[in-house]
């Protein structure tokens, strides 16, 4: 069986496109081209995507090295944490597409890359996390990022999986991306006007399915569950078709409320970008095979 891989340019383009549609789409509580928030603007995220793309798509780097380089480039360009979760999710996906392997099934390729993570990957990832300094990080009883790692990155992520939805992806083969995000995106694309509407649908599905772990770390489980319930109340896909104006109004009202309280469901936004990135990489792999 022949081996297949994407080149750096294709991976970088897919990543930038996923990040671009992340801010084109209106996502309550998050920064978008339509609405700034949390001291950041859409241009900060677009700039972050532009400078981190070469690091994530460069040939020959490990997953950990991709993470460390991408976060360093982002910090240099925008001076704040715009994309740590995105980078943590994107680096293994990029690796899965860049490393020659049989077949076009991205999740199968990804699982092989996740299984190969080692302690040097943890060194790079820990360095990137420390540099990004996400809100609510705190200390951990095991595999604390402020200390040199003693386990491989997959094990470190498994230790954090119970409190972090991004870490959980490393252990379950990106279940939320491939079993919720991607199916939602592809179903929405069938009836949506474009990728931005589909990306919005993915975000709402992720936000309404489980409490956002960034909100839970920063504000507690009660607040995170309350935001989830608010999202579920407006996320029904049928509402957009039945009364688009009312649906848009409900989304904007939720956006205003979340931003007034400083609530940013960042984990769900990161998983949304990963879903779009996985979709675009899968398309590119299938096109490369033909």
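The helices (runs of 4 or more DSSP H) falling completely within region 149-230 that include 2 or more residues that are under 15 Å from the mean Cα position of the chain (by Cα) and either outside the structural domain of residue 277 (by TED's automatic domain parsing) or within 22 Å of residue 112 (Cβ to Cβ) (or both) map to 165-172, 182-191, 195-209, 213-219. Any residue at all in region 269-282 that's under 17 Å from the mean Cα position of the chain (by Cα), surrounded by fewer than 16 Cβ atoms within 10 Å (Cβ to Cβ), at pLDDT 95 or above and within 30 Å of residue 110 (Cα to Cα)? No; the residues of region 269-282 include none that is under 17 Å from the mean Cα position of the chain (by Cα), surrounded by fewer than 16 Cβ atoms within 10 Å (Cβ to Cβ), at pLDDT 95 or above and within 30 Å of residue 110 (Cα to Cα). Looking across 43, 113, one residue alone is more than 16 Å from the chain's Cα centre (by Cα), crowded, with 19+ Cβ neighbours inside 10 Å and in a helix (DSSP H, G or I). It is 113. Scanning region 4-28 for residues that are farther than 15 Å from residue 45 by Cα and in a loop (DSSP other than H, G, I, E, B) returns 5, 6, 7, 28. With the structure loaded, tell me whether residue 66 is in contact with a strand residue (DSSP E or B) (Cβ under 8 Å, 6 or more places away or on another chain), assigned by TED's automatic domain parsing to the domain that holds residue 18 and crowded, with 20+ Cβ neighbours inside 10 Å or whether it fails that test. No. Which members of region 250-290 meet the condition of being outside any helix (DSSP H, G or I) and in contact (Cβ under 8 Å) with a residue 24 or more places away in the chain? Answer for region 250-290, where residues must be outside any helix (DSSP H, G or I) and in contact (Cβ under 8 Å) with a residue 24 or more places away in the chain: 262, 263, 264, 265. Please go through region 116-144 and pick out each residue that is surrounded by fewer than 17 Cβ atoms within 10 Å (Cβ to Cβ), assigned to a loop (DSSP other than H, G, I, E, B) and modelled with pLDDT of 95 or more. If the condition is that a residue be surrounded by fewer than 17 Cβ atoms within 10 Å (Cβ to Cβ), assigned to a loop (DSSP other than H, G, I, E, B) and modelled with pLDDT of 95 or more, then 116, 118 are the ones that fit.
The values are calculated or read from the model by the stated rules, or taken from the named source; none is laboratory data. Not measured: the values here are computed from a predicted model. Positions of Cβ are backbone-derived with ideal geometry, glycine not excepted, and every protein chain shown enters the neighbour counts.
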